[in-house]
Structure formats: C-alpha cells, structure tokens
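**Student:** Could you have a look at this structure, given as structure tokens, before my questions?
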Ligand SMILES: Nc1ncnc2c1ncn2[C@@H]1O[C@H](COP(=O)(O)OP(=O)(O)OP(=O)(O)O)[C@@H](O)[C@H]1O
Ligand code: SF4
Ligand SMILES: [Mg+2]
C-alpha cells in the first residue's frame, strides 16, 4: 500500500441542479415583457481534492453544504456539471454504462439509512448474493454462497439468519448487512455517506469499529461523509471542510484539530464542547448560511466572516498548500493576516 498515491482525483467539480420547473414555469412577466428565467442550486462550486490509497478522508460541514452531492457525483450516481473525476488515473465521470461496470465493483457506497437501502422484499441472502453473481460470472454457486457466508460472519451477522428479511433486523444489524453487501464485492474504495447517523448512539461505535476493522483487513480507502466532528477525530486520516459547496480547508486530522486555519473551520471546531480546551471560546458567526441559488460573490463565507475585506467580497480564494501539510482557501491566510 502506497499512502502517497491518489486513488481518486477530483478536479474543479461543479454540480448545479436546475430548479426552474418545466418550460411554462420558467416564463415570468418582467417590465411589460415575458422572459424565460432559469434558476439553479449551485450545490458544488469548483471542488478539488485527492483521496490517497488506504486513507479515510472525512468530509465535514453543515447540512446542505454539498457533502452528499460530492459523494453521489464521485460514485457516478449524479453527472457533474463541470470538472473531472479520475480513479487510479482513469477518467470516470464520462463513461458509458458498460465502461463504468468495473468501477461499480471496485467502488462501493454505504448510505445513511439502512432501512431504505435494503430491498424489503428480498431475504438478506438474496440481497447479498445477487451482486456477487452479477459481478463474478465465473464463480460457481458454492463459491458465491461461501463468499457471502464468510462476509456475513465477518460483520457479525449469523449466516443462518440469511433467510430473514430486513425488517427482522435492528438498525445496527441492517447497517452491518449494508457493509457486508459492499464488502462481498472486494471493493478498493468505499464512499460512506453518514453511515452511522441514523443509528442509536450506543450502536454507532460498534459500526464504526467494524468499518475500521474492514479497512485494515481489506486494504480499503474511505471517503467518509459526516457532520459529527468527534467521529472525524477517531476515524479520519485527513479532513475536508466544506461550506456552501466549496472546500475551505483540507488537512491531516491532527493538524486540523490542533491548528484550524480557515475562519469557518475555526468556528466549526469552537462549537465542540471539551474538558481541556486550549482553543478560543465559542466563535459565534453572524448571519445565516446564504442560499446556494444566489451564491455570494468572492469568498462564499465573506458575509459571515469576521475577517472579510474588499478582496474577499470580489475574488474567489483558491485552495493553497501550507507548510504544515494542510490546504486552505482564504485570502486572509494567504496574505498572512490570519
Ligand atoms: N436533486 C436535487 N435537486 C435540487 N437541489 C438539490 C438536489 N440535491 C441536493 N440539492 C441541494 O444541493 C445542496 C447540497 O445538498 P446535499 O444533500 O449535498 O448537502 P449535504 O451536505 O449532504 O446535507 P446534509 O448534511 O443535510 O445531508 C442543498 O442546497 C440541497 O438542497
Ligand atoms: S477569504 Fe476572506 S472572507 Fe473568506 S474566510 Fe478568508 S478572510 Fe474570511
Ligand atoms: Mg447529506
């Protein structure tokens, strides 16, 4: 395993959702004339990052900042509006359904809601065996069954329960089954979108430990989406902080928690209560997160940033590598005034 080699390279990723409705909905009466108006949600605005082989890159940020959209676009479930995605050096964001098939095996996704992501009409064995058969046409029936049983055992689900349906399991068990479904295909890369948020707090640590064990045993690379910073601190190799569809800061986990550089990261971290807190007191941000329909000019954070100046209001800051291994998109940091 080479920790320095990127498995995934995302460059200048953009995703807009058109929310104007059909043609008639788009016609508006303005200044005595009928004009056609289209509105877009700017969900992702020029996001670039690498995921290194073997790491767990955590993506954090408030609700609506675009975490799931990044996850779904990386997985090919959404087409990007701009930019590119490479996997092991191959561009994957424009592949045909046929050409994308090998990646559907190597790249697996675990969703937030294990209730919705398992088919209620199929037994667990059916759910787990089907993709193994589909992606491994050369495997015998015995091999398929043995593979599924071994993985079920691995994730702590008795293979004898395979005849049961999803509703017969608890939330934590269902998420274990979802993890098993991803692992039966021997993936290299797993995108997990808030995989423990829907679970009882008492179960969260167990499922997280299972994912960490799986990472070690199967040499997995994770892109792990969460809004829970305590999870990041235990799980993440590096952290990417998002705000309003842009990347503010990307840093090794320890560095980010010890010395957050971007004003938004500082505010986000200052909200975690701690016993021994060396950090500044809670930073209260002014205002609300603006809507991604009308993006602010310049730095998308400028309306809420205590350090904003004229340049911030006009020019979009770029992600710049720092001497401590982090990358920060902030004029104030670049100018040395923060
Ligand atoms: N299919 C869609 N159509 C229109 N807008 C969408 C669609 N999917 C997402 N959005 C919008 O894009 C933005 C980013 O959404 P996204 O779900 O990626 O955020 P998130 O960070 O995952 O939030 P959460 O923490 O609540 O899951 C939001 O403003 C959301 O309303
Ligand atoms: S670029 Fe300016 S507005 Fe944006 S975070 Fe940095 S200092 Fe604040
Ligand atoms: Mg989400």
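**Student:** Give the residue that is nearest to residue 248 (Cα to Cα), with candidates limited to residues of region 32-41 that are out of contact with any helix residue (DSSP H, G or I) (no Cβ under 8 Å at 6 or more places or on another chain) and within 15 Å of ligand 1 (Cβ to nearest atom). Can you show your working first?
**Tutor:** Kept after step one, since they are out of contact with any helix residue (DSSP H, G or I) (no Cβ under 8 Å at 6 or more places or on another chain), are these residues of region 32-41: 32-35, 39-41.
Still in the list and also within 15 Å of ligand 1 (Cβ to nearest atom): 39-41.
Details: 39: 25, 40: 22, 41: 19 Å.
Going through the qualifying residues, I end up with 41.
The rows are residues; the columns are (1) surrounded by fewer than 18 Cβ atoms within 10 Å (Cβ to Cβ); (2) farther than 23 Å from residue 45 by Cα.
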residue: 209; (1), (2): yes, yes
residue: 222; (1), (2): no, no
residue: 227; (1), (2): yes, no
residue: 234; (1), (2): yes, yes
residue: 238; (1), (2): no, no
residue: 246; (1), (2): no, no
residue: 260; (1), (2): no, no
residue: 272; (1), (2): yes, yes
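**Student:** So, of the residues in region 167-187 that are touching a strand residue (DSSP E or B) at 6+ places or on another chain (Cβ under 7 Å) and in a loop (DSSP other than H, G, I, E, B), which turns out to be nearest to residue 51 (Cα to Cα)?
**Tutor:** Among them, the one singled out is 187.
**Student:** Same structure, new question: Test residue 21 against the stated conditions and say whether it is out of contact with any strand residue (DSSP E or B) (no Cβ under 6 Å at 6 or more places or on another chain) and within 11 Å of ligand 1 (Cβ to nearest atom).
**Tutor:** It is false that residue 21 is out of contact with any strand residue (DSSP E or B) (no Cβ under 6 Å at 6 or more places or on another chain) and within 11 Å of ligand 1 (Cβ to nearest atom).
**Student:** Could you tell me whether region 262-277 includes any residue that is modelled with pLDDT of 95 or more, part of a loop (DSSP other than H, G, I, E, B) and within 22 Å of residue 232 (Cβ to Cβ)?
**Tutor:** yes
**Student:** For region 191-203, indicate whether the set of residues that are more than 16 Å from ligand 1 (Cβ to nearest atom) and either surrounded by 18 or more Cβ atoms within 10 Å (Cβ to Cβ) or under 26 Å from residue 247 (Cβ atoms) (or both) is non-empty.
**Tutor:** no
Rundown of residues vs (1) in a loop (DSSP other than H, G, I, E, B); (2) in contact with a helix residue (DSSP H, G or I) (Cβ under 8 Å, 6 or more places away or on another chain); (3) away from ligand 2 (no atom under 16 Å from the Cβ); (4) in contact (Cβ under 8 Å) with a residue 40 or more places away in the chain, yes/no style:
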| residue | (1), (2), (3), (4) |
| --- | --- |
| 29 | no, no, yes, no |
| 43 | no, yes, yes, yes |
| 49 | no, no, yes, yes |
| 58 | no, yes, yes, yes |
| 68 | no, no, yes, yes |
| 73 | no, no, yes, yes |
| 76 | yes, yes, yes, no |
| 83 | no, no, yes, yes |
| 86 | no, no, yes, yes |
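Results for (1) within 30 Å of residue 211 (Cβ to Cβ); (2) within 16 Å of ligand 3 (Cβ to nearest atom); (3) surrounded by fewer than 20 Cβ atoms within 10 Å (Cβ to Cβ), shown as yes or no for each residue.
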position: 6; (1), (2), (3): yes, no, yes
position: 15; (1), (2), (3): yes, yes, no
position: 18; (1), (2), (3): no, no, yes
position: 22; (1), (2), (3): no, no, yes
position: 29; (1), (2), (3): no, no, yes
position: 48; (1), (2), (3): yes, no, yes
position: 67; (1), (2), (3): yes, yes, no
position: 84; (1), (2), (3): yes, no, yes
position: 100; (1), (2), (3): yes, no, yes
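**Student:** Only one of 190, 232 is assigned to a helix (DSSP H, G or I) and either in contact (Cβ under 8 Å) with a residue 60 or more places away in the chain or in contact with a strand residue (DSSP E or B) (Cβ under 8 Å, 6 or more places away or on another chain) (or both). Can you tell me which?
**Tutor:** Numbers: 190 fails: assigned to a helix (DSSP H, G or I).
Result of the check over 190, 232: 232.
The values are calculated or read from the model by the stated rules, or taken from the named source; none is laboratory data. The shown structure was predicted, so the numbers you read here are calculated from the model rather than taken from an experiment. In this analysis, Cβ positions are derived from the backbone assuming ideal geometry, glycine residues included, and neighbour counts consider all displayed protein chains.
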